[in-house]
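J.: Once you've had a glance at the structure underneath, I'll fire off some questions.
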Amino acid sequence: MENEIEIRAARTSDLDSLLQLYPDAFPEEDLLSLVEDLHRSREDAVISLVAIGGHRLVGHIAFTLCGIDGGPANMALLAPLAVASAMQKQGFGKALVAEGLGRLKARSVARVLVLGDPRYYGRFGFETEKRIEPPYPLPAEWQDAWQSLTLEETRPARGGALKLPAFWMRPALWAP
């Protein structure tokens, strides 16, 4: 039976559910302080969406608005994306990504970056990113995992270092 999926903006009252979701979805990673920072950020800095299925919060995605050194702030970093382990492979992640990309287009965001599985994000059109550098060097085995998707062609994308809010500037978030 297919679950009905509702996607909406995250609310202040969702924090407790988010703090339960992430250890379930990523038992080997500690993303709770990042999730709290993202959840407390201003709407003009972070787009945070949740997926509701069966009348409960089962998924979350965040997009941090950013730019490159010396360039316009018309990019976004997609991270993290989580779906409750019991609800994975039912379309919640896909719905969260699609809704988020639509909201970014409406804000004239030109490019979205992600550090994630190329097999998953490739389905949305993400490709390996070579010109925009992540905040910290990535291990060689992660090079193909640093990806981008062009939402709006403006000028040819120039290279440079990605500039993110302070809560993203933790080396552990960018290392195995």
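The values are calculated or read from the model by the stated rules, or taken from the named source; none is laboratory data. Bear in mind that the values here come from a model prediction, so they are computed numbers and not experimental data. Cβ placement follows ideal geometry from the backbone for every residue including glycine, while neighbour counts extend to all protein chains displayed. Side chains are part of the model used for accessible areas, which takes the heavy atoms of the whole protein and leaves out ligands, DNA and RNA. Shrake-Rupley method; radii C 1.70, N 1.55, O 1.52, S 1.80 Å.
Let's see how each residue does on (1) farther than 27 Å from residue 88 by Cβ; (2) outside any helix (DSSP H, G or I); (3) open to solvent by less than 50 Å² (accessible area, probe 1.4 Å); (4) touching a Cys at 6+ places or on another chain (Cβ under 6 Å):
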| site | (1), (2), (3), (4) |
| --- | --- |
| 120 | no, no, no, no |
| 130 | yes, yes, no, no |
| 141 | no, no, no, no |
| 161 | yes, yes, yes, no |
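J.: Only one residue in 101, 149, 96, 113 is under 19 Å from residue 67 (Cα atoms), in a helix (DSSP H, G or I), open to solvent by less than 30 Å² (accessible area, probe 1.4 Å) and not hydroxyl-bearing (Ser, Thr, Tyr), so which one is that?
T.: 101
J.: Pairs needed: first member in the stretch 21-39, free of Cβ contacts under 8 Å to residues at least 40 places away in the same chain; second member anywhere, crowded, with 18+ Cβ neighbours inside 10 Å; C-beta distance under 7 Å; at least 6 residues apart or different chains.
T.: Once the first residue is free of Cβ contacts under 8 Å to residues at least 40 places away in the same chain and sits in the stretch 21-39, its partners that are crowded, with 18+ Cβ neighbours inside 10 Å give 32/22; 39/10; 39/18; 39/48.
J.: Starting from the stretch 62-73, take each residue that is in contact (Cβ under 8 Å) with a residue 24 or more places away in the chain and within 27 Å of residue 10 (Cβ to Cβ) and list its partners that are part of a loop (DSSP other than H, G, I, E, B) and among the acidic types (Asp, Glu), counting only C-beta distances under 8 angstrom and pairs at least six apart or across chains.
T.: Hits for this filter: 65/44.
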